[in-house]
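Participant: Right, I'll just put the structure down here and ask away after.
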Amino acid sequence: MSRTDPFLITGPALISFSGGRTSAYMLWRILQAHGETLPDDVKVVFANTGKEREETLRFVHECGSRWRVNVHWVEWRDTLAGFEEVGFNSASRNGEPFSQLIEKKNALPRGPQRWCTQFLKVRPMFSFMRACGLGKPGQYLEAIGLRNDEGHRILKGLERAERDGRRTCYPLGNGGVSKPEVLAFWWGADRVYETRTIPQGFDLDLPPLWGNCDFCFAMGVGIRRERAKQMPSVTGWWQAHEEATGRTFSMRESVAEIVQQVAAFDKTDDLFADFDDAECGAWCPTDEVAE
Ligand code: SF4
């Protein structure tokens with residue numbers, strides 16, 4: 001294998017696994033490049049916010065067990081260590097880390113102030129690496145699952161990494177991998193979720209408009225309405241936090257307003273809007289870091 005293979009990762013390194021199909025595909029390609037076994041100093045880390053869908057947790061678990069790769073599950077904690085390592089069974093499922101963060105900051109992440117990504121995704125991964133003896137920026141490489149068709153995000157990520165003294169790489173981007181290739185890997189040649197053939201024998205059991213936190217306010221309002229329509233129960237935790245704080249996650253509409261809008265419509269095509277399928281992981285370069 002050529003050392004220029006973008007999927008060949010030289011440790012020490014962190015593979016940031018968001019729990020979505022794209023970063024899972026990156027992980028698979030990296031495993032293939034390494035003969036299916038990663039060097040000990042290449043760590044795969046998944047950060048659970050507590051608001052991930054159960055399907056996402058199962059998918060992450062399946063990637064680890066089927067591909068025989070040690071995926072480290074971490075959650076943010078307000079402790080000196082800054083994280084706790086959990087597993088599929090012990091992972092938070094009721095938004096506990098997210099709720100504790102909201103309580104600590106006495107605020108909601110809102111609009112572009114998406115500090116939830118920094119605290120719940122990025123920091124626990126970095127804290128994990130610090131616990132591995134790699135606490136300084138640039139001491140290890142970060143492999144990030146952005147595709148070739150997400151070039152603007154890659155550029156922003158590179159800019160931010162340079163500013164912070166981090167070393168990042170984008171194997172999918174460098175390998176020229178775009179969305180159709182990822183979808184064909186998981187769904188088969190026609191790349192359609194509804195008629196997928198599941199070539200890998202398993203898949204993330206969620207339609208494409210789902211992923212990461214179940215009612216993420218950073219998604220477009222069309223997606224949030226559609227999610228509320230498909231699974232009304234997902235709005236409860238978010239609405240409760242808005243009511244408790246008297247604030248809203250979105251700068252445009254409250255969760256209660258979305259619930260009302262959904263109740264007023266009865267056709268999905270009135271609700272749905274095109275969506276951005278970005279996975280939330282260690283690569284939200286627009287995040288504002290609020291200390
Ligand atoms: S998925 Fe959305 S709500 Fe969850 S951490 Fe990321 S930006 Fe925040």
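The values are calculated or read from the model by the stated rules, or taken from the named source; none is laboratory data. These figures come from a predicted structure and were not determined experimentally. Here the Cβ is made from the backbone with ideal geometry for all residues, glycine too, and neighbour counts use every protein chain on show.
Participant: Residue check, residue 215 against (1) out of contact with any Phe, Trp or Tyr (no Cβ under 8 Å at 6 or more places or on another chain); (2) part of a loop (DSSP other than H, G, I, E, B), all met but one. Which one?
Facilitator: So the condition that residue 215 fails would be (1).
Participant: For residue 264, state whether it is surrounded by fewer than 20 Cβ atoms within 10 Å (Cβ to Cβ) and modelled with pLDDT under 95. Full working, then the answer.
Facilitator: On the way: surrounded by fewer than 20 Cβ atoms within 10 Å (Cβ to Cβ): yes; modelled with pLDDT under 95: yes.
In short, yes.
Participant: OK, next. Every residue in the range 2-27 that is surrounded by fewer than 17 Cβ atoms within 10 Å (Cβ to Cβ) and out of contact with any Asp or Glu (no Cβ under 6 Å at 6 or more places or on another chain), please. Before the answer, list the steps.
Facilitator: Initially, the range 2-27 is screened for residues surrounded by fewer than 17 Cβ atoms within 10 Å (Cβ to Cβ), giving 2-5, 8, 10-11.
The answer is 2, 3, 4, 5, 8, 10.
Here's the yes/no breakdown for (1) away from the ligand (no atom under 16 Å from the Cβ); (2) in contact (Cβ under 8 Å) with a residue 60 or more places away in the chain; (3) touching an Asp or Glu at 6+ places or on another chain (Cβ under 9 Å); (4) not assigned by TED's automatic domain parsing to the domain that holds residue 117:
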{"residue": "175", "(1), (2), (3), (4)": "yes, yes, yes, no"}
{"residue": "199", "(1), (2), (3), (4)": "yes, no, no, yes"}
{"residue": "207", "(1), (2), (3), (4)": "yes, no, yes, yes"}
{"residue": "228", "(1), (2), (3), (4)": "no, no, no, yes"}
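Participant: Restricting attention to the range 87-100, and to residues there that are surrounded by fewer than 22 Cβ atoms within 10 Å (Cβ to Cβ) and of a type in the set (A, V, I, L, M, F, W, C), which single residue is nearest to the ligand (Cβ to nearest atom)?
Facilitator: Ranking the qualifying residues of the range 87-100, first place goes to 91.
Participant: Something else: Being surrounded by fewer than 22 Cβ atoms within 10 Å (Cβ to Cβ), outside the structural domain of residue 240 (by TED's automatic domain parsing), more than 16 Å from the ligand (Cβ to nearest atom) and assigned to a strand (DSSP E or B) narrows it down to one of 36, 84, so name that one.
Facilitator: Details: 36 fails: assigned to a strand (DSSP E or B).
The match here is 84.
Participant: Can you name every residue in the range 109-130 that is more than 10 Å from the ligand (Cβ to nearest atom), surrounded by 17 or more Cβ atoms within 10 Å (Cβ to Cβ) and over 14 Å from the mean Cα position of the chain (by Cα)?
Facilitator: As a first pass, look at the range 109-130 and keep what is more than 10 Å from the ligand (Cβ to nearest atom): 110-113, 123-130.
With the extra rule that they be surrounded by 17 or more Cβ atoms within 10 Å (Cβ to Cβ), the set shrinks to 123-129.
Matches in the range 109-130: 126, 127, 128, 129.
Participant: Going through the range 41-77 one residue at a time, which ones are assigned to a loop (DSSP other than H, G, I, E, B), within 16 Å of the ligand (Cβ to nearest atom) and surrounded by fewer than 23 Cβ atoms within 10 Å (Cβ to Cβ)?
Facilitator: Filtering the range 41-77 for residues assigned to a loop (DSSP other than H, G, I, E, B) gives 41, 48-53, 67-70, 77.
Keeping just the survivors that are within 16 Å of the ligand (Cβ to nearest atom) gives 48-53, 77.
Result: 50, 53, 77.
Participant: How many residues are part of a loop (DSSP other than H, G, I, E, B) and either polar (S, T, N, Q) or buried (at least 18 other Cβ atoms within 10 Å of the Cβ) (or both) when one looks only at the range 133-186? Steps first, answer last, please.
Facilitator: Of the range 133-186, the ones part of a loop (DSSP other than H, G, I, E, B) are 133-140, 144-147, 165-166, 170, 175-178.
Subsequent filtering for residues that are either polar (S, T, N, Q) or buried (at least 18 other Cβ atoms within 10 Å of the Cβ) (or both) retains 134, 139-140, 144-147, 166, 170, 177-178.
Looking only at that region, the number is 11.
Participant: Within the range 35-58, can you find the residues that are in contact with a helix residue (DSSP H, G or I) (Cβ under 7 Å, 6 or more places away or on another chain) and over 25 Å from residue 139 (Cα atoms)?
Facilitator: Scanning the range 35-58 gives 49, 50, 51.
Participant: Look at residue 104 and say whether it is more than 14 Å from the ligand (Cβ to nearest atom), among the basic types (Lys, Arg) and in a helix (DSSP H, G or I).
Facilitator: Details: more than 14 Å from the ligand (Cβ to nearest atom): yes; among the basic types (Lys, Arg): yes; in a helix (DSSP H, G or I): yes.
It is true that residue 104 is more than 14 Å from the ligand (Cβ to nearest atom), among the basic types (Lys, Arg) and in a helix (DSSP H, G or I).
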